[in-house]
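Read through the structure below, which is laid out as structure tokens, and then see the notes.
Every number in this text was worked out from the coordinates using simple rules, so none of it is lab data. Only a predicted model underlies this, so the values are computations on that prediction, with no experimental measurement involved. Here the Cβ is made from the backbone with ideal geometry for all residues, glycine too, and neighbour counts use every protein chain on show.
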Amino acid sequence: MYHEFRDVYKRRLEGYTDDKYQGIYTDNVIINAQKTYQRNRDLSLLITFGIYALNIIDANVDAHLIQFNVNEKLSVKPDVKQNFFDNNYNVGLTLNYNF
């Protein structure tokens with residue numbers, strides 16, 4: 001859509017009046033639509049590269065930590081308990097170490 005609005009605006013600057021938005025959108029609306037689609041495109045690329053970089057970092061961390069022994073003696077679990085005085089739920093983490 002960015003390229004479409006860009007091409008329509010360029011053609012209007014050259015003096016053509018045969019685009020499909022003629023009489024529907026003014027030049028200001030086409031400029032704003034072009035900027036919006038360009039911002040969305042740039043943000044999508046930035047998010048994609050960010051997720052890709054996090055994936056690389058995660059793979060490196062996993063590769064470095066693969067040598068460690070992971071067993072069931074040490075565990076961290078979410079814990080939800082009901083407080084009986086006011087019937088609210090308390091949320092937390094439990095750290096367990098078994099000998």
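Say a site is exposed when it is one of the trypsin sites (Lys or Arg not before Pro), sits in a DSSP loop, and has at most 11 other Cβ atoms within 10 Å; what is then the longest site-free stretch of the chain?
21-72
Below 16 Å, Cα to Cα, which lysines can Lys35 reach? Residues fewer than 8 away in the same chain don't count.
Those lysines meeting the cut-off are Lys10.
For each of Phe49, Phe99, Phe5, Phe85, count neighbouring Cβ atoms within 10 Å of the residue's Cβ, then give the residues from fewest to most.
In increasing order of surrounding Cβ atoms, one gets Phe99, Phe85, Phe49, Phe5.
Taking the chain on its own, what percent of its Cα-Cα pair distances exceed 19 Å?
Everything past 19 Å amounts to 71 percent.
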